[in-house]
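Participant: Take a look at the following structure, please.
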Amino acid sequence: MLLSYNTNGLQNHRLDDALRLLADHGYQAVALTPDVGHLDPFSASAREVDGIAALLQRLNLQVAIETGARFVLDPAHKHEPTLMTRGGDARRRRIDFYTRCAAIGRDLGARVVSFWAGIDRSAGPDSEVWLDDGVRAACAAIRAQGLTPGLEPEPGMAIETVAQWRELRRRLGIDAPALTLDVGHLYAVWEGEPAAIIADHAAFLVQVHLEDMRRGQHEHLLPGTGDVAFSTILKALKESGYEHHSAFELSRHSHLAPTAIAICRDVWRQFVGCPGR
């Protein structure tokens, strides 16, 4: 497993400074969220992308791409439009965003793009078909850039549980995305013991997100302030044979990022060991 950190929790840092900070703390990877301040997918130049690619190589940091930028598509509405937004033009904008993020990931040497379905604000008899078509199109756009799509079940969205991801996978077959698993979400939307869910789905995991969270509440917290049993979770991941990125995601903690990075690193060292660099 590779110790990683999501740049959505480093929004008050320039991207190059953020990457150096992670490397200085022993991180092995970064979950990069292209956003208005970090390789904006609508304005970043090839020179900027190449510069970050070179820096990642110098710092020996692997990279995965996240797509949870809040207002990059709509300055007035968080995360909108999504794959579940009705209207072809709205969804095409979301898929274009995924295409741009995947192209950035390709140029940075990433292998995975994580995404989610979005909130279904117009639920009706066409919801399942609309969901399936949108996810299929997103996966095709990401795969066209040579990367693997990983869908993250997100509380409150059209796919919010691992069970719903599993049913989506059954419907889509070979077109289905792999699984990006946020461990905290297993507490926010309780489906059973998280360690057992990890063991049962290890073969499908391409990206893992970590943070603390209280059972029944979707709020990303610093390790040690919620209900997540990191010793059990990290042991389950390790024993499952998972070998990819495990990215701490503290998107509301940019104001204390250096402290949060150190806390997360120390939790990792306690239960996994010192990251090999």
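The values are calculated or read from the model by the stated rules, or taken from the named source; none is laboratory data. Every value quoted in this text rests on a predicted model; they were computed, and no experiment measured them. Neighbour counts are summed over all protein chains in view; Cβ atoms, including those assigned to glycine, are modelled from backbone coordinates with ideal geometry.
Participant: Can you find a residue that is surrounded by fewer than 14 Cβ atoms within 10 Å (Cβ to Cβ) and touching a residue at least 24 places away in the same chain (Cβ under 8 Å) anywhere in region 88-109? Can you show your working first?
Facilitator: Quick first cut of region 88-109, residues surrounded by fewer than 14 Cβ atoms within 10 Å (Cβ to Cβ) only: 88-89, 92, 109.
Okay, now just the ones that are also touching a residue at least 24 places away in the same chain (Cβ under 8 Å), so 109.
The answer is yes; a qualifying residue exists.
Participant: Can you spot a residue in region 142-153 that is over 22 Å from F42 (Cα atoms) and assigned to a loop (DSSP other than H, G, I, E, B)?
Facilitator: Taking every residue of region 142-153 in turn, at least one turns out to be over 22 Å from F42 (Cα atoms) and assigned to a loop (DSSP other than H, G, I, E, B).
Participant: On the basis of being at pLDDT 95 or above, out of contact with any strand residue (DSSP E or B) (no Cβ under 9 Å at 6 or more places or on another chain), closer than 30 Å to R58 by Cβ and not aromatic (F, W, Y), does T148 make the cut?
Facilitator: no
Participant: Residues in region 23-49 that are within 16 Å of C264 (Cβ to Cβ), out of contact with any His (no Cβ under 8 Å at 6 or more places or on another chain) and crowded, with 24+ Cβ neighbours inside 10 Å: how many?
Facilitator: Of the residues in that region, 2 qualify.
Participant: What helices (runs of 4 or more DSSP H), lying completely within region 166-277, carry at least 3 residues that are under 17 Å from the mean Cα position of the chain (by Cα) and under 18 Å from M1 (Cβ atoms)?
Facilitator: 183-188
Participant: Let me ask you something else. I need the full set of residues from region 93-141 which are assigned to a loop (DSSP other than H, G, I, E, B) and charged (D, E, K, R), in order please.
Facilitator: Residues satisfying the conditions are R111, D120, R121, D126.
Participant: Condition first: closer than 29 Å to D17 by Cα, part of a helix (DSSP H, G or I) and not β-branched (V, I, T). Now tell me which residues in region 49-90 satisfy that.
Facilitator: D50, G51, A53, A54, L55, L56, Q57, R58, L59
Participant: Which ones in region 1-29 are among the hydrophobic types (A, V, I, L, M, F, W, C) and within 14 Å of A260 (Cβ to Cβ)? Quick ask: steps written out before the conclusion?
Facilitator: First pass over region 1-29, keeping only residues among the hydrophobic types (A, V, I, L, M, F, W, C): 1-3, 10, 15, 18-19, 21-23, 29.
Scanning region 1-29 gives L3, L10, A18, L21, L22.
Participant: Checking the condition touching a Pro at 6+ places or on another chain (Cβ under 6 Å), over 23 Å from D266 (Cβ atoms), charged (D, E, K, R) and touching a residue at least 24 places away in the same chain (Cβ under 8 Å), which residue from E160, E191, E154 passes?
Facilitator: Details: E191 fails: touching a Pro at 6+ places or on another chain (Cβ under 6 Å); E154 fails: touching a Pro at 6+ places or on another chain (Cβ under 6 Å).
Going through E160, E191, E154 in turn, the sole match is E160.
Participant: So how many residues does region 183-200 have that are within 14 Å of L234 (Cβ to Cβ) and hydrophobic (A, V, I, L, M, F, W, C)? Even if it seems obvious, please write down each step before you answer.
Facilitator: The initial filter retains those residues of region 183-200 that are within 14 Å of L234 (Cβ to Cβ), namely 183-184, 186, 194-195, 198-199.
Pick out the ones that are also hydrophobic (A, V, I, L, M, F, W, C) and you get 183, 186, 195, 198-199.
Final tally of qualifying residues: 5.
Participant: Which of the residues that make up region 108-142 are touching a Pro at 6+ places or on another chain (Cβ under 8 Å), more than 20 Å from V49 (Cβ to Cβ) and not small (G, A, S)?
Facilitator: Scanning region 108-142 gives W116, V135, C139.
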